[in-house]
Amino acid sequence: MKVFVAGASGALGVPFLKELVEHGHHVTAMARSAASQAKRSGGTIDFVQVDAFDKEAVHEAVQRAAPDVVVDLLTSLPKNLADLPKAFPQDRKLRIEGGGNLHSAAIAAGAKRYVQQSSGFYLKPEHGELATEADGFQVNSSPDISLGCQMLTLLETRAFSDSRIEGVALRYGFFYGPGTWYTPDGGAADLVRQSSLALIGDGRAVNSFIHVQDAAVATLAALHAEPGVYNIVDDDPVSVAEWLPAFARYVGAPVPPRVSEEEALKTMGPDAVFYHNGLKGARNDKARVDLCFRPRRLEWLSPLRASIPAN
């Protein structure tokens, strides 16, 4: 297959490109620093440096590549987890406007399929404790999360909006592993070592994670699978109250401090409180069947831990 990947230098983009090459696909990758990426790839990938906001340039790059599939992994997220709130506006702008240019370019170039990065941790389960692919996003939550959910709803709607191209939306859990915040040398580890990542209230939010390598393998499988939405999350949905102290132990950090929801509302804002007490996890049944998805166990959880029931 000829595959065009936008957002190729991100935490998921790097292992995904490796999977594509190893499986014999011809890859064109759009990245912020194409020259350095091309040098590291040894010439096995055609890198192009294009501004996602430049519609004409995006169309020209995709047209030249003539891909069968376009994969949209566009994000603009900081290395420091503490800078995330400030990064949200640019991230939304990139994914809505830049992604819009990419989607229209894919259609114009005659691509058969468009794979859209989405989220498996902002979902609102209508039945049971964990969300399925039939569930939507928590659009009426805290301010920034509501805006993020509105953006994700728009991205998924766009992916399925045109009959000329097949749509696939991959709802990834929180990434962990190389190049992410949640790794011993990542931004979240730095914060817990500084005792700057507190547990808020009861920490009753349930989070779904996914290792970036497992996400890359699932994304590869999505090139051939039936069009539609897939939750790409691991088998271990876990409350913040459990995973945050376990993660601190895993990276050699002290026990995270604890603050009340009332105090956190004053000092951190409503989004931080919702992250720790309002988010819900997701199920991966569909991906396990249709993508033969077999994610690894979340690295820092106890091997004796029981999974959270689906209902």
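The values are calculated or read from the model by the stated rules, or taken from the named source; none is laboratory data. Keep in mind it's a predicted model, so treat the numbers as computed, not measured. We place every Cβ from the backbone using ideal geometry, glycine too, and count neighbours over all the protein chains shown. Ligands, DNA and RNA are excluded from the accessible area calculation, which covers all protein heavy atoms including side chains. Shrake-Rupley method; radii C 1.70, N 1.55, O 1.52, S 1.80 Å.
For the chain, the antiparallel share of DSSP beta bridges with both residues in that region comes to about 10%. Here the range 1-158 was treated as a single set of alpha-carbon atoms; its pair distances binned every 10 Å from 0 give 11, 37, 33, 17, 2 percent.
Heavy-atom surface analysis with a 1.4 Å probe gives the chain a carbon and sulfur content of 53 percent of its accessible area.
Taking all C-alpha pairs of the chain, those more than 24 Å from each other amount to 52 percent.
Kirkwood hydrodynamic radius computed over the range 97-248 comes to 16.9 Å, based on all pairs of distinct alpha carbons.
Entry comment: accessible area of the range 206-311 is 44 Å² per residue, from protein heavy atoms only and a probe of 1.4 Å. Please give the per residue accessible area of the range 1-146, computed with a probe of 1.4 Å over protein heavy atoms only, in Å². Per residue, the range 1-146 has 44 Å² of solvent-accessible surface.
For the chain, the Cβ-based charge dipole about the Cα centre amounts to some 440 debye (Lys, Arg positive; Asp, Glu negative; other atoms uncharged). Put a plus charge on the Cβ of each Lys and Arg, a minus charge on the Cβ of each Asp and Glu, and nothing anywhere else: the dipole of the range 172-281 about its Cα centre is then about 220 debye. Taking a straight Cα-Cα cut-off under 22 Å and skipping sequence neighbours fewer than 8 places away in the same chain, the lysines within cross-link reach of Lys86 are Lys266. The residue list Cys149, Leu81, His127 was ranked by how far each Cα lies along the charge dipole of the range 79-156 toward its positive end, using unit charges on Cβ atoms, and Leu81 comes out on top.
The sum of -39500 (n - 2.57) across all DSSP H runs of n ≥ 4, divided by the residue count of the chain, sets its helix-only mean residue ellipticity at 222 nm to -10500 deg cm²/dmol.
For the chain, modelled as a GNM whose springs connect Cα atoms under 10 angstrom apart, the maximal fluctuation among Ala106, Ala169, Ala134 occurs at Ala134.
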